[in-house]
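Working notes, beginning with the structure itself.
Nothing in this text is a laboratory measurement; each read-out follows from the coordinates by a stated rule. Worth saying up front: this structure is predicted, and the values here are computed from it rather than measured. In this analysis, Cβ positions are derived from the backbone assuming ideal geometry, glycine residues included, and neighbour counts consider all displayed protein chains.
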Amino acid sequence: MDTETDLLARLRDIHLPPVPTAESDLWALVLIVIVLAAIGMALWAGLIRRPAWKRECMRELERLDGLDPDAAIFKAAALVRRVVLSLSGDPAFRHLHGTAYLERLDGVFGGRFFSEGAGRILGADLYRGVAPTETQRLELIAGLRHVLRKARGRPC
């Protein structure tokens, strides 16, 4: 049997890897910066930046803040009709009114805001001759902002 000294003599020395140079650290830093810049540009271009039609809708909704409730709701109705005609491209939509109109709006935007929420005022209530209240105007504009922000699609 080998003695302890013979066993220890057969062991090889442990060699440490070379010390990294500043050049390899620089390349890693450059690579990280490039990847982060690419991710930032992708987010800005696709996720964060709203399409132009959404920005225009939001500007138009802001213009409704200073109007009286009657004028604001009629302009909001015209805006919604333009957006839906543009998004859906359905010419039959022009002839809808009342409950069918509100259900079609719910179908285009998703949810039940128009048939069950504050958007009901854009249906038959719009033509009944009853003056809308300031509260109805505020609820409609807030709801339209929410609905238009999450709307998907591109105008035709």
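Summing charges over neighbours of V83, with a neighbour being any other residue whose Cβ is under 11 Å away from its Cβ, gives +1 when K and R count +1 and D and E count -1. In order along segment 30-36, the Karplus-derived 3J(HN,Hα) couplings, from 6.51 cos²θ - 1.76 cosθ + 1.60 at θ = phi - 60°, round to 4, 4, 5, 4, 5, 5, 5 Hz, and Gly and Pro are given as x. If a/c stays under 1.5 just call it rounded; otherwise compare a/b with b/c (prolate if a/b is bigger, oblate if not). Do that for segment 1-85, with a ≥ b ≥ c from the square roots of the Cα gyration tensor eigenvalues. Judged from the Cα gyration tensor, segment 1-85 comes out prolate (a/c at least 1.5, a/b above b/c).
Over the chain, the alpha carbon radius of gyration divided by the compact-protein estimate 2.2 N^0.38 Å works out to 2.10.
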